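Readers should treat all values here as calculations from the given coordinates under stated rules, not as data from a laboratory. All values derive from a computational prediction rather than experimental measurement. Here the Cβ positions follow ideal geometry from the backbone for every residue, glycine too, while neighbour counts run over all protein chains shown.
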Amino acid sequence: MVMSGFFRRRLQLQLLLILLAAVSVAALSVLLISDSIRNAEQAVIADMGKQLSAALLEMGQQYSDRTTSDSTWPNLPPSTQDVSLRAISQAVLRSYPGVEGGYYVDSHFLGYSFPTHDNPAAKTDVPSAERSVIQDVANRAGSNRKAEQLLRGGNELVLIQAAAVPDRGAVVWAMRRRAREPAGAGRRVLLVGLVIAALLSVGGTLRMGIALRRGVEQVQDGLAALEKDFGHSLPEGGDELGEISRSINRMASVRRRLEDELRRDDRLRAIGRTVAGIAHEIRNPLNGIRLSMQLLAKRLKRGSVQPEDLTLVIAEVDRMDALLNDLLAFKEKRQVVLAEQSLLPIIEKCVHLVQPQPGRKKIRIESADAALRARVNSQRLTQTLTNLLLNALEATEDHGEVGVSLNAAGRTVAIEVHDSGPGLTAEQQKHLFEAFYSTKPDGTGLGLAVSRELVEEMGGKLTYKNNSPGATFVIELPAVANA
């Protein structure tokens, strides 16, 4: 049960695995690209840091040399110091493209320059956007000898470094701007594309799974409907499942056509067998009547006709009448009057009617629950049971026994007739309830067919139960509650 359930759900499991694979690939791609972007930026930042550190070191040395060589430096006005320091920073930073910087002394910015700017004349003061950050970095460097701050903008990276000039009470600072690498932007675009592709893949997989599941359910429902009504047609879509539905509908159409042809052939064969059986059964008594009438004609000439000469003619006419009555049992269903009654008295009556002479064959009621009741037509049940008992007696050898039992079987009551005869062959069982099929030399082949028809008219069924030795016929009838 577990394995069959697993294989019934293998489609859902496959779709789930595809979904998990798509999500895993998307997540892995995001991680790899994010890590790549992060590593690329770290390399850029490291390069910027090395460039700024070298510039700071050189600017610091130049500041120490300038202040050491001029004893009047502390007494110079700030404007003069600013001009002098700007010349130093311009000379140093000219060797560092893209780097701007200066000095921070006694809470004042001095000597700012950006010599490699596209328009150096326009850059004469500390950038206002980063001024407060540069001041904070310079103050931290004055306390910790060196400080650094990285600013990430939308399209650029800004790295600020500051270092204290030993024993001079000044701080040198530098700043480098760097646009984010086009490769990083490309990776971000690729990352966004992968995320979108992953989402589309997940959505498409889910949509495909839902559509496929609905399609499979439609096919399953259609097949279930075909089991009850072969005229049903499955809905035909434009996808692969629609092709399957169309193939099933074509198969159903071909089968309906073949079944119609087979039914026509079966009806023709049934009519042929029926006509042949009726002709055969009627021909026998007609031959007997013809012979008797020829004999009567001869005796009439001699004047020696006796009343008993007509006995054979009357017997053969009665035989044809009985045959016609049996055939009438196969016409349209007649209204059957059913009444709730005990079954044991009917069984006892039938046993009494057909009980043979003592000492040869014996019928006995093996087991019977006197309280069992059913809604039956007593005349039809008597006819059926009498026919089964007579067949059982004919199949039983001398000194054999026929057993009858009445027992409850779930919501039904079962009357079983068992004989101790040789039983039925497989070939005989195949044609057991067919009209005009008989194993008796003088049988009409209608007894069991009529009996089954009578039982079914009462809402029951007549079946054969194969057991050895002997044969057992079972009449099953719907039970009713005891009063």
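For the reader, a short list of remarks on this structure follows.
- Whether the stretch 121-169 is rounded, prolate or oblate, judged on the alpha carbon gyration tensor where a/c under 1.5 counts as rounded: oblate
- Whole-Hz ³J(HN,Hα) from phi, Karplus 6.51 cos²θ - 1.76 cosθ + 1.60, for the stretch 209-217, glycine and proline x: x, 5, 5, 5, 5, 5, x, 5, 5
- Cβ-derived FRET efficiency at R0 51 Å, Val192 paired with Ala54, nearest 0.05: 0.85
- Under 5 Å between amide hydrogens, built in the peptide plane, is the criterion, and for Thr412 it picks out Ala479 among residues at least 5 positions away or on other chains.
- Theoretical gain in end-to-end length, Asn467 to Ser304 [0.36 nm per residue, Cα-Cα removed]: 53.0 nm
- Modelled label positions at Ser71 and Glu397, each set 7 Å beyond Cα in the direction of Cβ, lie 15.6 nm from each other.
- Of the GluC sites (Glu not before Pro) found in the stretch 340-397, the ones in coil according to DSSP and having at most 13 other Cβ atoms within 10 Å of their Cβ are Glu397.
- Residues whose placed amide H lies under 5 Å from that of Leu157, excluding near-sequence neighbours: Arg178, Ala179, Arg180
- Taken about its Cα centre, the stretch 70-203 carries a charge dipole of about 500 debye when Lys and Arg each add +1 at the Cβ and Asp and Glu each add -1 at the Cβ.
- Ile363 long-range amide H proximity, modeled H, under 5 Å: Val402
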